[in-house]
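Here the structure comes first, spelled out in structure tokens, and everything after it is commentary.
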Amino acid sequence: MNRILIIFLIIGFYSCGEKQKSEKKAENVEIGKSVSELKDFELLQDFEKNKEEFGTPDTFELNEDLIEGGELKVYHDKNFDYVVMDFWLYGETGKLNYTYWTEKDGKMKFKFVKQVKYKYDKPFNQKDIKIDTTIYYLSFSELKKKLFDINQTEIRNEKLIDSINTEVESFFKEVTKGTEIVK
């Protein structure tokens with residue numbers, strides 16, 4: 001009787017272990033599917049949540065025509081279907097941060113862009129500087145581009161959308177021309 005009970009216990013433990021393995025596999029498949037469907041702020045949240053999985057980014061110095069310099073960090077990983085390019089440019093009276101989420105196919109098709117402008121009221125090396133920060137998010141996931149403010153509220157001003165779009169695209173072209181970013 002004890003042997004039969006032990007056999008049933010062993011079979012029970014084994015089947016529970018197999019069930020947990022199959023649930024984990026199903027969970028991994030769902031995560032993989034959802035990454036390709038991410039858009040807009042979901043991309044930003046997914047990247048922040050999984051930033052460590054991307055490992056050490058490729059870093060490029062940006063010194064051409066810049067007073068104080070800058071850098072570009074490129075995050076890419078085979079498990080994600082997007083690439084993140086984080087640009088920082090430093091100046092005496094401000095700094096710029098543009099973060100681009102692009103398609104992974106190497107064509108640099110934008111999915112989502114975060115633009116942050118820091119404007120100082122006086123040169124950064126002086127005391128008691130005040131910083132004015134402007135943040136915009138530009139979505140390329142719909143047929144029509146969408147612009148959002150810092151509170152993720154959609155902005156419907158067509159002139160402002162066109163202006164930010166032109167800035168985002170021309171900045172990218174100017175800073176990356178002649179540079180092979182993704183290996």
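The values are calculated or read from the model by the stated rules, or taken from the named source; none is laboratory data. Just so we're clear, the structure is a prediction, and the values are computed from it rather than from any experiment. Note that we place each Cβ from the backbone using ideal geometry, even for glycine, and neighbour counts take in every protein chain shown. Surface accessibility is based on the protein's heavy atoms, side chains included, excluding ligands, DNA and RNA. Shrake-Rupley method; radii C 1.70, N 1.55, O 1.52, S 1.80 Å.
For the stretch 138-159, give me the residue count where each residue is without any contact (Cβ under 8 Å) to a residue 60 or more places away in the chain, open to solvent by 50 Å² or more (accessible area, probe 1.4 Å) and not basic (Lys, Arg).
8
Return yes or no: is Ile135 in contact with a Phe, Trp or Tyr (Cβ under 8 Å, 6 or more places away or on another chain) and either open to solvent by less than 50 Å² (accessible area, probe 1.4 Å) or assigned to a loop (DSSP other than H, G, I, E, B) (or both)?
When the stated conditions are applied, Ile135 does not pass them.
Identify, please: which residue in the stretch 108-142 is among the charged types (D, E, K, R) and under 19 Å from Glu37 (Cβ atoms) and is, among those, modelled with the highest pLDDT?
Lys111
Any chance the stretch 39-48 includes a residue that's touching a Phe, Trp or Tyr at 6+ places or on another chain (Cβ under 6 Å) and either more than 26 Å from Ser141 (Cβ to Cβ) or surrounded by fewer than 18 Cβ atoms within 10 Å (Cβ to Cβ) (or both)?
Scanning the stretch 39-48 turns up no residue that is touching a Phe, Trp or Tyr at 6+ places or on another chain (Cβ under 6 Å) and either more than 26 Å from Ser141 (Cβ to Cβ) or surrounded by fewer than 18 Cβ atoms within 10 Å (Cβ to Cβ) (or both).
Suppose we keep only residues that are closer than 27 Å to Tyr120 by Cα and in contact with a Gly (Cβ under 8 Å, 6 or more places away or on another chain) within the stretch 65-95. Which one would you say is most open to solvent (accessible area, probe 1.4 Å)?
Looking at the filtered set, the residue picked out is Ile67.
Inside the stretch 137-155, can you point out the residues that are within 17 Å of Thr102 (Cβ to Cβ) and out of contact with any Ser or Thr (no Cβ under 7 Å at 6 or more places or on another chain)?
Of everything in the stretch 137-155, those that are within 17 Å of Thr102 (Cβ to Cβ) and out of contact with any Ser or Thr (no Cβ under 7 Å at 6 or more places or on another chain) turn out to be Tyr137, Leu138, Ser139, Phe140, Ser141, Glu142.
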